[in-house]
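Structure first, commentary second.
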Amino acid sequence: MRCFEHPDVILCPGGPMLLRGQHAVEDADGLPHETTRPVTAVCRCDKSASYPWCDGTHKSLPPRLRPA
Amino acid sequence: MRPPRLPDARGPLTEELLAALRAGTDEFLGVLATAPTATGEDAALALWVLHELHYRGFAEVDDRFEWDPQLIRVRTLLERDLEARLRARFTRPEGLSFVDDVFGWIDDHDGVSLARHVHRDADRDQVLDLLRARSLYHLKESDPASWLVPRLGVRAKAALMELQYDEYGDGDPNRLHHHLFALGMAACGLEPAYDAHYDAVPPEALEQSNALSMVGLQRRLRGAALGHLAAFEATSSVPSRRMAQGLERLGFPDELVGYYTEHVEADAVHEQLAVRTVCGAMLAEEPELEDDLWFGAFTCLDLEDRFARAMLDRWGVSEVAA
Ligand code: FES
Ligand SMILES: [Fe+2]
Ligand SMILES: [Fe+2]
């Protein structure tokens, strides 16, 4: 039987970082935010209005301002 | 949970179908004879009723009719016609790969946005009308995609369950999405049941629901179902923010705003999962389904665009920017 890849972290090209499992994510001001879902999207573009979580704002950025 | 009541007929086929369902005898040959000639909202409503036998049934209808062979035949005829119409509108985009390119393609092909209208311009009555018209879809949000689970390979199945688990509240019934919508409706004074709002449901909304049930219930169309899911999730997060802000502007209750703010964050996750892990896994396991992924994604955007135009039309609003 094959073993499938099931990473804890997935970097989405141009978008957020997906994080599997329960974690506390510290924002830029040092405040911790608890994850509440099996998978969480952590903002990598710094433009989310729900920071540190992704809210889809990265999609309206010009491609050069999107995360790699 | 009480089963809904049947809707009112919208033409000859639904007249015949609803009367036969109420009569309770398993005699549907008359319905079968009428089915091939049905069109428009009459056909759409008949198919919606037949699909609904697989979800919650109806107060006046014997539950055994879900698998009546004559009714299944009627359903098949109506679905064949619906699928042919949807496929006739679709052309597979050339030279694009679904996982890498679908977000950009959606950006280029997304249609008229009701969320933009609600955000800045809608009045209270238009929002209530929209909630009623959407209720038929949102009150069973995610259920059509659950038909797919046993039909997928190991990787796609695990990936879909990871997403659906969040739709269903991560084990907490208080967070289950279609329940959050019901709470939002109730907080606005709307009965959270679709049989209270049949009159407000335009044929375009019936067709959205029918297309989703069809691709969910037919194993053959599992690729279209996952493509639809991907496009649905990928057009939710940003519009949900606009909806939430528009509802706040109009003073709608927190419960309803909460349904949309939940979708800002949830669907920022779900759109990535749907495209990368769910559709990505399906493509690894069944690469021949890529055309149908695109077909499902196209159909999702196309039907939402038609629904949005119908709603703006009935409110007398000239078009909103896409
Ligand atoms: S990465 Fe999605 S909003 Fe920043
Ligand atoms: Fe949802
Ligand atoms: Fe979702």
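The values are calculated or read from the model by the stated rules, or taken from the named source; none is laboratory data. All figures in this text were calculated on a predicted structure; none of them were measured in a lab. Glycine also receives a Cβ, built like all others from the backbone with ideal geometry; neighbour counts cover every protein chain displayed. The protein model used for the area step is the full one, side chains on, heavy atoms only, and it has no ligands, DNA or RNA in it. Shrake-Rupley method; radii C 1.70, N 1.55, O 1.52, S 1.80 Å.
Remind me, relative contact order of region B:118-251 in percent, using alpha carbon pairs under 8 angstrom and six or more residues apart?
Numbers: 112 pairs, mean separation 53.3, N = 134.
Computed over region B:118-251, the figure is 40 percent.
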Accessible surface of residue B:87 - all protein chains present, 1.4 Å probe, nearest 10 Å²: 80 Å²
Whole-angstrom gap from region B:143-177 to region A:16-30, using each part's C-alpha centre: 23 Å
Could you work out [θ]222 nm for chain B from helices alone, using -39500 (n - 2.57) per DSSP H run of at least four and dividing by all its residues? Round to the nearest 500 deg cm²/dmol. -20000 deg cm²/dmol
Based on Cα positions only, what radius of gyration and what Dmax would you give for chain A, in angstroms? 13.3, 46
List every residue whose amide H lies under 5 Å from the amide H of residue A:25, counting only residues 5 or more places away in sequence or on a different chain, with H placed 1.01 Å from N in the peptide plane. A:33, A:34, A:35
Each label sits 7 Å from Cα toward the beta-carbon; between residue B:85 and residue A:2 the label points are separated, in nm, by 4.0 nm
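Determine the order of A:59, A:47, B:140, B:157 by accessible area, beginning with the largest, at a probe radius of 1.4 Å. Each step should come with its number before you reach the end.
Working: A:59 40, A:47 110, B:140 5, B:157 75 Å².
Accessible-area ranking of A:59, A:47, B:140, B:157, largest first: A:47, B:157, A:59, B:140.
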Solvent exposure of chain B as accessible area per residue, Å², 1.4 Å probe: 40 Å²
Would you rank B:168, B:259 by solvent-accessible area, highest first, keeping every protein chain in place and using a 1.4 Å probe? B:168, B:259
Percent of Cα pairs exceeding the 30 Å cut-off, where the set is chain B: 33 percent
Identify which of B:146, B:237, B:113 has the largest mean-square fluctuation in a Gaussian network model of chain B, with springs joining Cα atoms closer than 10 Å. B:146
For residue B:157, counting only lysines whose alpha-carbon sits under 26 Å away and dropping same-chain residues fewer than eight positions off, the answer is B:140
Mind checking B:97-110 for the average number of partner chain beta-carbons within 10 Å of each residue's beta-carbon? 1
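Can you compute the FRET efficiency between residue B:22 and residue A:29 using 1/(1 + (r/R0)^6), with r the Cβ-Cβ distance and R0 = 45 Å? Round to the nearest 0.05. If you can, show how the numbers build up before the last one.
On the way: r = 63 Å, r/R0 = 1.40.
The computed FRET efficiency comes out at 0.10.
If you place +1 on the Cβ of every Lys and Arg, -1 on the Cβ of every Asp and Glu, and leave all else neutral, what size is the dipole of region B:98-315 about its Cα centre, to the nearest 20 Debye?
Values: 20 positive and 39 negative charges, 57 e Å.
With Lys and Arg at +1 and Asp and Glu at -1, about 280 debye.
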If I take the Cα coordinates of region B:1-156 and project them onto the principal axes, what are the three extents in Å, biggest first? 52, 44, 33
Length-normalised contact order for chain B - Cα pairs under 8 Å, 6+ apart - percent: 24 percent
Could you work out, residue by residue across A:36-48, how many beta carbons of other chains sit within 10 Å of that residue's beta carbon, and then give the average as an integer? 4
Straight-line reach from residue A:59: which lysines have Cα under 27 Å away, leaving out those fewer than 8 places along the same chain? A:47
Over the protein assembly as shown, what per residue volume does the convex hull of the Cα atoms give, in whole Å³? 152 Å³
Would you list A:10, B:106 from the most to the least accessible area, probe 1.4 Å? A:10, B:106
Relative contact order (percent, whole number), chain A, Cα cutoff 8 Å, 6+ residue spacing: 29 percent
Which far-off residues, 5 or more places away or on another chain, put their amide H under 5 Å from the one on residue A:53, with H placed in the peptide plane? A:43
Please give the average number of partner chain Cβ atoms lying within 10 Å of the Cβ of each residue in B:260-268, rounded to a whole number. 5
